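Single-structure report; data block below.
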Amino acid sequence: MNILALETSCDETSAAVLKHGKVASNIISSQLAHQAFGGVVPEIASREHERLVVSVAAAALSEANIRKSELDFIAATSGPGLIGAVLVGLNFAQSLAFALKKPFVPINHIEAHIFSTFVDDGVDNPARIPAFPFVSLTVSGGHTMLALVQDDLTYRVVGRTIDDAAGEAFDKTGKMLGLGYPAGPLMDKLAKQGDAKFHRFPQALLSEDNFNFSFSGLKTSVQTFLRDKPEPFVQTHLADICASIQDAITSVLVAKTLAAAKRFQVNTVSVAGGVSANSELRRKFQAACASEGLSLHIPRPIFSTDNAAMIATLAHLKLQRGLASPNHYNVGAFAAFALPP
Ligand code: KG4
Ligand code: ZN
């Protein structure tokens, strides 16, 4: 079974080919055009996807050494995401499927992150694949969600952020420190040289008896902290401040996830989404899961951030189980064909 998948929900234009469940190519073009604006500009994202989608898909086919006529299924992210950005990949994929007379499989972006530990590129597999049922933490620029996942690929959301996402907390506090966009990876790097105990930033909702998160208070707290600090002080202690912010974000993510695993009596934990690339989050999870006897599963960093291999993988998992509903074409794009002569 050969699957081509497209991912264009935010600022990565990505296409991947899966051959019999294994990644044969995974091309990711990260849009740099947003950096000057300090965040993703939706209109620019759509235009960049338009500009890149054909060449990225062509590169995925070429690297996989496959012709489009050899594809069995076409998949694409159908949401959630920036609507204009989603539509570029979605319409491209649906049109291709229509032209090739091949079934189209729509995939939910967040679900694809949840199952991104199932991506098989031949490295460390199947050791990375979690056993069902498992507690999944999905942490990205737009989402922070805890879910209990069952073997029929269904999941129950047991907690989520009530305001900002964890990635947003990294990006927005990083912006206050002048780190550019996205600030998460740079904050991760700087924090390695810093002292996490330099300042204690708030860890919201930690003592509450639920699995929800809140990061907007952290933003305000960093803003207040920086307000009366002279610039030279901030620059001297940049690594310490980054380490302290990172500690506040990662501590609460780990604590709530482990509490959920305990409450729902599962012994497997999976962490996915862009923020799961964070080295301190990985370190904390490894230490905590080892001490609690939990099995921990995290995708390799290339499959943590947005990528089409995870979209293709979830399409494959669903098709294998008869859970996909192929040929679900976009009404807007294909309504024209329904017009009477
Ligand atoms: O999953 P993703 O690529 O896109 C969304 O669906 O949002 O996640 C992007 C987010 C950004 O907020 C970025 O700053 C964050 O993931 N991120 C990181 C790291 N790498 C990416 N945050 C902290 N440390 C990292 N190493
Ligand atoms: Zn994502």
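Annotations for the structure displayed:
- Lone qualifier among Ala76, Ala131, Ala127, Ala112 - being open to solvent by less than 10 Å² (accessible area, probe 1.4 Å) and farther than 23 Å from Ala166 by Cα: Ala76
- Considering residues of the range 16-52 that are open to solvent by 50 Å² or more (accessible area, probe 1.4 Å) and hydrophobic (A, V, I, L, M, F, W, C) only, the residue modelled with the lowest pLDDT: Ala36
A quick yes/no check of all residues on (1) in a loop (DSSP other than H, G, I, E, B); (2) more than 28 Å from Gly81 (Cα to Cα); (3) modelled with pLDDT under 95; (4) outside the structural domain of Asp11 (by TED's automatic domain parsing):
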| position | (1), (2), (3), (4) |
| --- | --- |
| Ser244 | no, yes, no, yes |
| Val266 | yes, yes, no, yes |
| Val269 | no, no, no, yes |
| Ser276 | no, no, no, yes |
| Phe285 | no, no, no, yes |
| Cys289 | no, yes, no, yes |
| Met310 | no, no, no, no |
| Leu314 | no, no, no, no |
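- Looking only at the range 105-145, and only at residues there that are within 16 Å of ligand 1 (Cβ to nearest atom) and aliphatic (A, V, I, L, M), the one that is nearest to Thr77 (Cα to Cα): Ile107
- Being assigned to a helix (DSSP H, G or I), open to solvent by 10 Å² or more (accessible area, probe 1.4 Å) and either modelled with pLDDT of 95 or more or basic (Lys, Arg) (or both) is a property that Ser95 lacks.
- Residue in the range 160-182 that is closer than 30 Å to Gln265 by Cα, free of Cβ contacts under 8 Å to residues at least 12 places away in the same chain and more than 8 Å from ligand 1 (Cβ to nearest atom) present: no
- Residue check for Phe211: in a helix (DSSP H, G or I), at pLDDT 95 or above and over 19 Å from the mean Cα position of the chain (by Cα): no
The values are calculated or read from the model by the stated rules, or taken from the named source; none is laboratory data. Quick caveat, the model's predicted, so the values are computed rather than measured. Glycine gets a Cβ as well: all are built from the backbone with ideal geometry, and neighbour counts include every protein chain shown. With ligands, DNA and RNA removed, areas are computed over all heavy atoms of the protein, side chains included. Shrake-Rupley method; radii C 1.70, N 1.55, O 1.52, S 1.80 Å.
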